[in-house]
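Engineer: First the structure, which I've put down as structure tokens, then a few questions once you've had a look.
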Amino acid sequence: VAYLDPSFDWAKAAAGIAEIEANRKYWYGDLYPLTPINTDPEQFAAWQLHRADLDAGLVLAFRRRESNYAGLILALRAVRPDGRYQLTWIDDARQERRETVTGRDLTEGLTLRLPSGATSLLVRYQPAP
């Protein structure tokens with residue numbers, strides 16, 4: 001749908017731009033592939049963007065359309081095992097939930113659940129206040 005179309009969803013576009021703005025600072029950090037790089041429609045794709053100077057980053061996970069797996073467990077890189085991190089989980093509908101975990105929890109295995117094929121999940125992490 002073109003932006004000149006009367007049915008163009010301006011609120012959805014604004015939400016997408018806000019998400020880009022919130023994530024942009026992580027594009028300048030380290031990139032860690034968390035799954036093998038492939039185009040297999042039955043597999044997940046996931047990677048981590050981490051800013052060492054902020055001790056923060058994000059995980060992007062995509063469940064491909066034909067995947068039979070409801071989730072995966074990922075070991076994050078570059079986080080401090082002795083630290084505490086606030087996670088913000090953001091699903092396809094841009095619904096957010098927050099929790100606080102230890103760095104050890106993140107390095108030993110962060111469990112991601114995606115309800116159906118062709119969905120994604122974004123998890124931002126930062127030092128807990």
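The values are calculated or read from the model by the stated rules, or taken from the named source; none is laboratory data. Values in this document were obtained by computation on a predicted structure and should not be read as measured data. Neighbour counts run over all protein chains shown; Cβ positions are idealised from the backbone, glycine included. Surface areas here come from the heavy atoms of the whole protein model, side chains and all, with no ligands, DNA or RNA. Shrake-Rupley method; radii C 1.70, N 1.55, O 1.52, S 1.80 Å.
Engineer: Would you say Pro6 is part of a loop (DSSP other than H, G, I, E, B) and over 19 Å from the mean Cα position of the chain (by Cα)?
Structural biologist: Working: part of a loop (DSSP other than H, G, I, E, B): yes; over 19 Å from the mean Cα position of the chain (by Cα): yes.
Spelling it out, Pro6 is indeed part of a loop (DSSP other than H, G, I, E, B) and over 19 Å from the mean Cα position of the chain (by Cα).
Engineer: Taking the criterion of being hydroxyl-bearing (Ser, Thr, Tyr), over 14 Å from the mean Cα position of the chain (by Cα) and open to solvent by 60 Å² or more (accessible area, probe 1.4 Å), would at least one residue in the stretch 99-108 satisfy it?
Structural biologist: Within the stretch 99-108, one or more residues are hydroxyl-bearing (Ser, Thr, Tyr), over 14 Å from the mean Cα position of the chain (by Cα) and open to solvent by 60 Å² or more (accessible area, probe 1.4 Å).
Engineer: Let me ask something additional. Exactly one condition in (1) assigned to a loop (DSSP other than H, G, I, E, B); (2) under 17 Å from Gly117 (Cα atoms) is false for Ile90; which is it?
Structural biologist: Ile90 satisfies every listed condition except (1).
Engineer: Does any residue in the stretch 76-105 that is at positive phi come within less than 7 Å, Cβ to Cβ, of a residue that is part of a strand (DSSP E or B) and among the acidic types (Asp, Glu) six or more places away or on a different chain, and which pairs are these?
Structural biologist: Within 7 Å, the pairs are Ala78/Asp30.
Engineer: Is the stretch 14-27 home to any residue that is open to solvent by less than 40 Å² (accessible area, probe 1.4 Å), in contact with a Lys or Arg (Cβ under 9 Å, 6 or more places away or on another chain) and not small (Gly, Ala, Ser)?
Structural biologist: Within the stretch 14-27 (the criterion being open to solvent by less than 40 Å² (accessible area, probe 1.4 Å), in contact with a Lys or Arg (Cβ under 9 Å, 6 or more places away or on another chain) and not small (Gly, Ala, Ser)), the answer is yes, since at least one residue qualifies.
Engineer: Moving on to the next point. For Asp55, which of the numbered conditions (1) at pLDDT 95 or above; (2) at negative phi fails to hold?
Structural biologist: In the conditions (1) at pLDDT 95 or above; (2) at negative phi, Asp55 misses (2) alone.
Engineer: If a residue must be part of a strand (DSSP E or B) and either of a type in the set (Phe, Trp, Tyr) or open to solvent by less than 40 Å² (accessible area, probe 1.4 Å) (or both), how many such residues does the stretch 61-87 contain?
Structural biologist: Residues in the stretch 61-87 being part of a strand (DSSP E or B) and either of a type in the set (Phe, Trp, Tyr) or open to solvent by less than 40 Å² (accessible area, probe 1.4 Å) (or both): 8 in total.
Engineer: Checking Pro115 against (1) open to solvent by 60 Å² or more (accessible area, probe 1.4 Å); (2) part of a loop (DSSP other than H, G, I, E, B); (3) modelled with pLDDT of 95 or more: exactly one of these is not met. Which one?
Structural biologist: (3)
Engineer: Let me ask another. Could you check, for the stretch 35-47, whether at least one of its residues is open to solvent by 50 Å² or more (accessible area, probe 1.4 Å), within 16 Å of the chain's Cα centre (by Cα), at pLDDT below 95 and of a type outside the set (S, T, N, Q)?
Structural biologist: Checked against the condition, which is being open to solvent by 50 Å² or more (accessible area, probe 1.4 Å), within 16 Å of the chain's Cα centre (by Cα), at pLDDT below 95 and of a type outside the set (S, T, N, Q), the stretch 35-47 yields no hits at all.
Engineer: Being touching a Lys or Arg at 6+ places or on another chain (Cβ under 8 Å), closer than 21 Å to Glu19 by Cβ and among the β-branched types (Val, Ile, Thr) is the filter here; which residues of the stretch 73-129 pass it?
Structural biologist: Thr88, Ile90, Thr119
Engineer: Return a yes/no flag: does the stretch 94-104 have any residue that is part of a loop (DSSP other than H, G, I, E, B) and either of a type in the set (Asp, Glu) or out of contact with any strand residue (DSSP E or B) (no Cβ under 7 Å at 6 or more places or on another chain) (or both).
Structural biologist: Yes, that holds for at least one residue.
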